[in-house]
Amino acid sequence: MFEVKVEKVQPSKRKMFIKVPIEKVQKTKEDFVNHLKKTVNIKGFRKGKVPREIILKNYGKDIDEDIKKDLLEEGYRFCVSENNFSVVSEPVFLNIKDFSDDGFYFEVEVEVKPEINLKEYKSIKITQKPYEVTQEDIDKSLKQLKSAFSSLEDTQEKAQENNVVVFDIQAKDTQTNEELKDLSGVNLYAQLGANQLIQEIEKEIIGMSENEEKTVEITFPKEHSLKSIAGKTVELTISIKSVKKVIEPELNDELAKKINKDFQNLDDLIDDIKKRLLENKRLQEIERQKEELLEDLLKIHDFELPETVVSKETSNLIMEFVKDAYYRGVDLKQDEYKPAKLRERFEPEAIKRVKATFLLLEIAEKEKMDVSGEEIRNAIEKEANISGKNFEQLYKEYEEKGMLPLIKVDLLSDKVLDFLLENAVKEEAV
């Protein structure tokens, strides 16, 4: 059907030289013409009775283009199937010739799954670090609970650390006289001393009272974390609408019962906190061990990665970073945010991620591990419950966006890491 030759351009790149025999071209053309004869409407002819010559005269160029598209796709699929390629990139069609008496000729370049020579991946040595719940951990959790069950009380006193303030603020650049929307706002709500405000603004608010207003100029340092105001002199007009005291509840049996009706007293609450903290530390240690294991696994395996996959992953990381920076009000015009700089910054992490994924999937294949449709649904259902979204809608959204295969890869990678951890040799950290 097709004459095919394959050249290994790089370890993960293949070039296909494909020739379609003239007989196949003619047969495909006849199929197109016969289909048009049944459907086309041409004045002066009954539907289905239009002569072949008239169809070719009116639609010849369109037919040839459609034939080329079909043969390109069919020839490419045939070559991939015959050579059992695991393709990881979109095909790039090259050197597409016109039809000739010999047939139709074209070339295709594509990247395939890298060739991995698996080393010993079982019995990898990793350190096992001890973990415990300290009194400081417990006190911190109790403080967070007290804060969560606190109430607010209006006060006429001057604002101080730990107070909650409701305020308006208007900011403008003294040089351009333009409003700085990143700093301006109305009915803003913040707790002083909780790192919720820019330090320079919080210093101005401390000491102000309800219904007080003041205007100040602040010159922000050049190395300020908020790039949009770094090095600028800004005029701030601050209006305090209310100051509130935070009234924390007493740490006693009543608070414990309020937090959970099954608790009889404060000791029950503290015991529950200890259990939860211990479980969190256990899970954190498992994640640390997995990371250590993966680092060791990557060190002992060396193979070339598909360039397009690395490039795509790099672009994804950059997109996430830029999106986050934009919403934080960062000035994206700075030199460090230029595309070349960002690519240089994120490519190493992209390489690590891509390499880890191919390596873990290779181990999954050797160990005959897989992820079922039910496991994918369970993972999405768990995400839906956490986010408060409807499961069926979320599943449909992922399906339409083509994200189900990506979710499967993530789940399978986690499953392989669990398997490797079970088979690792754990040594107590010195």
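The values are calculated or read from the model by the stated rules, or taken from the named source; none is laboratory data. Computed from a prediction, not measured in an experiment: that's the story for all the values here. Reconstructed Cβ throughout: ideal geometry from the backbone, glycine too, with neighbour counts over all protein chains shown. Please note that ligands, DNA and RNA were not included when accessible areas were found on the heavy atoms of the full protein model with its side chains. Shrake-Rupley method; radii C 1.70, N 1.55, O 1.52, S 1.80 Å.
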Checklist outcome for this item: Treating every alpha carbon of the range 131-250 as one equal point scatterer without solvent, the Debye formula yields log10 I(q)/I(0) values at q = 0.16 Å⁻¹ of -0.81
Checklist entry - Taking Rh as the Kirkwood radius, which is the inverse of the mean 1/r over Cα pairs, what is the Rg/Rh value for the chain? => result 1.12
Next on the checklist: With a 1.4 Å probe and all protein chains kept in place, how much accessible area does ASP139 have, in Å² rounded to the nearest 10?
Outcome noted: 80
Checklist outcome for this item: In degrees, nearest 10, the alpha-carbon axis of helix 52-82 is tilted away from the dominant principal axis of the alpha carbons of the chain by 60
Item to check | Over the range 373-413 - Rg/Rh using Cα atoms and the Kirkwood inverse-distance radius | outcome: 0.94
Item to check | Projected label distance in nm at VAL40 and GLU107, using a 7 Å step from Cα toward the beta-carbon | outcome: 3.5
Next on the checklist: Kirkwood hydrodynamic radius, the range 1-132, all distinct C-alpha pairs: what's the number in Å?
Outcome noted: 18.2
Next on the checklist: Given Cβ point charges of +1 (Lys, Arg) and -1 (Asp, Glu) and nothing else, what value in debye, to the nearest 20, does the dipole of the range 129-199 about its Cα centre take?
Outcome noted: 180
Checklist outcome for this item: Over the Cα atoms of the range 330-416 the radius of gyration and the largest Cα-Cα distance (Dmax), both in Å, equal 17.3, 49
Checklist entry - When DSSP beta bridges are limited to those with both residues in the chain, what percentage is antiparallel, rounded to the nearest 5? => result 90
Item to check | Mean shadow area of the range 233-344, taken as a quarter of the surface of its Cα convex hull (nm²) | outcome: 15.1
Item to check | Rg and Dmax of the range 275-425, Cα atoms only, in Å | outcome: 18.1, 49
Checklist outcome for this item: Subtracting the Cα-Cα distance of ASP168 and GLU90 from 0.36 nm times their residue separation yields 22.8 nm
Item to check | Where Cα atoms sit under 22 Å apart: lysine pairs in the range 137-203 separated by 8 or more or lying on different chains | outcome: 4
Item to check | Length released on extending from ASP182 to VAL246, taking residue separation times 0.36 nm less the Cα-Cα span | outcome: 20.3 nm
Checklist entry - So how many Å³ per residue does the convex hull of the Cα atoms of the range 297-374 work out to? => result 134
Item to check | Cα-only radius of gyration and Dmax that characterise the range 299-338, units Å | outcome: 14.5, 42
